[in-house]
Every structure is written in structure tokens, then in C-alpha cells.
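This report refers to the structure that appears directly beneath it.
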Amino acid sequence: MPAAKDRLILALDMDTREKAEEWVHRMKMHVGMFKVGLQLFTKDGSELVRSIRKRGGRIFLDLKFHDIPNTVAGACASACSLGVDLVNVHALGGRAMIRAAAASLQESSAKMRVAKPRLLAVTILTSHDARSLKQDVGLRLAPAKEVVRLAKMAKAAGAEGVVCSPREIALVRKACGPRFLIVTPGIRSARDEMGDQKRTLTAAEAVAAGADYIVVGRPILNAPDPAEYAKGLVAEMEASLKGGR
């Protein structure tokens, strides 16, 4: 399993390549990976990803592919060419789409002679609650049950892990086993006030529940000393990992 620092993913929640590159340079010794999402990738694209790699950063490409199987397979082949470490698709795209993504990553990485990105499936977006799932999407199970159902389906179709909220970490771990990757946002430090957040855990709690990676954005980016804040998260995870042995 990765060391505590390697489990921490910094979300580059910003709007320019220059800012992203500055943060990669500033934080690459304190986090294990950088998340590039839709906003940043849409603006600065593949050149940004290559730039981050040149600066020594590992990358979670968080674009949540959701299309017909052939199109998603092509997108995954492109992700291989960028040298990213994690890539994700929407589980609601279904078995055929996930199988196509997994096969494309395997075949493309072998053909290009590069390390294969690990495939994650996004289950239920954290913006959904039971009401919106039922009325807007047509899913009738409670969100947590839908997350587990989709995680099991995604695993059977070839996904190596999921992105889920802290609330579902333990449920997915129990359902999908010890080697299935769990990546979770919604993390705070034990030093932070809870405020109005209801669906969050501390870094230590997330690791104890079974998370492999935690994604943190604004709490680090907005901290008076981002490096020290990141070190604090890593220390919390280290303590939790030692306590679980």
C-alpha cells in the first residue's frame, strides 16, 4: 500500500495553467498526486498535464468519461498517451462502457509501452440526495445503496476502484474487498471546525474506514501555510495507519 504522503491528492481547483504549475512546484514534495479536473483541462488541456509531469507530478485525470463505449475507449487511449496515473469514468455509463475503458487502457498502455493508468468509476455524485436520484435520475435505492451497487458492477466490468464520498468508504470496502481502490473527496483536518459540512471525515477517519487516497483542494489551497496543512494531513494518516496495524 502507498505511504501516507502518497495517499494525499491535491485538487488543482484553479483556472489557469500558470497557477497550476506554481502549485505543483510548491507542493510536489508534500503530496503524492495532483488532480486535474474539467475546468482546468478544458482550458489548458494536454499541454498542462505534460507540464505537470515534467515537474515531477503524478496525475489523477478527473474527467469522468461518460459516452458510448467506443468514444470512451478512445478517450482512455488518449489518457494513456498523457502518462496519467488515475483516470475515471461514470459508473452510470454501464458495463459495456467500463469494459471498453478497461480494455483500452490495457491495450493502449502495452502498445505505447507506458505504465497503465488505473481505472476508477464515479458512482453517485455527492451533489445528489435521495430525492434528486429518484426524481431526476430515476434511481430508487438510497444513495449509499446505489453507490455499493454501482461499485460492485464497475468492479465486475474491469474498474480497479471508485470515487465515492466519505459516507460510503466502509460500505464499498466491505462489498468490494481489500484490493479495490477507494478515492474520496470531502476530507478535512482534525484541526478544522466542522462548520456546516455534514458528509465529511478527517483524513485519519477516512483511512481508518478504508480509503486508499484522499482528495483535498480548497482546505490546502486556502491555508495560511499550505505545506504545513498538508503535512498535518499526512501525519494524521500516518497515525491512523500505525494504529490499524
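Read-outs throughout are calculated quantities, based only on the coordinates presented, and are distinct from any laboratory measurement. Remember, predicted model here, so these are calculated numbers, not experimental data. Note that each Cβ is placed from the backbone with ideal geometry, even for glycine, and that neighbours are counted across all protein chains shown.
Structure data summary
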item	result
For 111, 28, order by how many other beta-carbon atoms lie within 10 Å, fewest first	111, 28
Electrostatic dipole magnitude of the chain [Cβ: Lys, Arg +1; Asp, Glu -1; Cα centre; debye, to 20]	820 debye
Expected 222 nm ellipticity per residue - DSSP helices of 4 or more, -39500 (n - 2.57), all of the chain, to 500	-14500 deg cm²/dmol
Spin-label pair residue 140/residue 235, simplified geometry with 7 Å Cα→Cβ offset, distance in nm	5.1 nm
Contact order normalised by residue count of the chain, Cα under 8 Å, 6+ apart, percent	17 percent
log₁₀ of I(q)/I(0) at q = 0.13, 0.14 Å⁻¹ - the range 5-243, Debye sum with one point per alpha carbon	-0.79, -0.92
